[in-house]
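K.L.:
One structure, pasted below without further comment.
No value in this document is a laboratory result; all are computed from the given coordinates. These numbers were taken from a predicted model, which means no experiment stands behind them. Because the Cβ atoms are built from the backbone with ideal geometry, glycine has one as well, and the counts that use them run over all protein chains shown.
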Amino acid sequence: MSNPNMENQIHELLELKRMREELDNEIAMAEDTIKAIMGDDELLLAGAYKVSWKTFTSSRLDTAALKKALPDIAAAYTKTTTGRRFSIN
């Protein structure tokens, strides 16, 4: 399918994504600054704001190790899904 009229729409989309990436970087830098000030503290009170930065533990299944150690069981519990990937080159 070819649609030259979509060029402006695609350009706008790519520009918005670029702007989002810049904002994400600025947000990450602001968070890193606050984290550096907090150090090992888990709670920071700053006027009307309460910032928490707490340690947590999570457990995840190591699918690569399961497939290596018990490939039949891994295959029996593997779910395949189908989707569509949107990309612009």
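K.L.:
In a shell of Cβ-Cβ distance under 13 Å around Leu16, excluding Leu16 itself, what net charge do Lys and Arg (+1) and Asp and Glu (-1) give? Intermediate results must be reported in sequence, preceding the final value.
P.N.:
Working: positive: Lys17, Arg18, Arg20; negative: Glu12, Glu15, Glu21, Glu22, Asp24.
Around Leu16, the charge tally is -2.
K.L.:
If only Cα atoms are counted, what is the Rg of the range 4-76, and what is its Dmax, in Å?
P.N.:
Just the Cα atoms of the range 4-76 yield Rg and Dmax of 22.0, 57 Å.
K.L.:
Next question, about the same structure. Any chance you could run the full-extension gain for Leu43 through Leu13? It's 0.36 nm times the residue separation minus the Cα-Cα distance, nm to one decimal. Spell out each step's value before the answer.
P.N.:
Details: separation 30, 0.36 × 30 = 10.80 nm, distance 3.86 nm.
Contour length minus Cα-Cα distance gives 6.9 nm.
K.L.:
So, one more: Set the Förster radius R0 to 22 Å, insert the Cβ-Cβ distance between Arg84 and Thr63 as r into 1/(1 + (r/R0)^6), and round the FRET efficiency to 0.05. Please list the in-between numbers first.
P.N.:
Details: r = 24 Å, r/R0 = 1.07.
According to the calculation, E is roughly 0.40.
K.L.:
How much mean residue ellipticity at 222 nm does the chain get from its helices, if each DSSP H run of length 4 or more adds -39500 (n - 2.57) and you divide by all residues, to the nearest 500 deg cm²/dmol? Intermediate values should be presented prior to the final figure.
P.N.:
Values: 3 runs with 45 residues, N = 89.
About -16500 deg cm²/dmol.
K.L.:
Moving on to the next point. Given Cα pairs under 8 Å that are at least 6 residues apart, what percent is the relative contact order of the chain?
P.N.:
Working: 21 pairs, mean separation 9.2, N = 89.
Here the relative contact order equals 10 percent.
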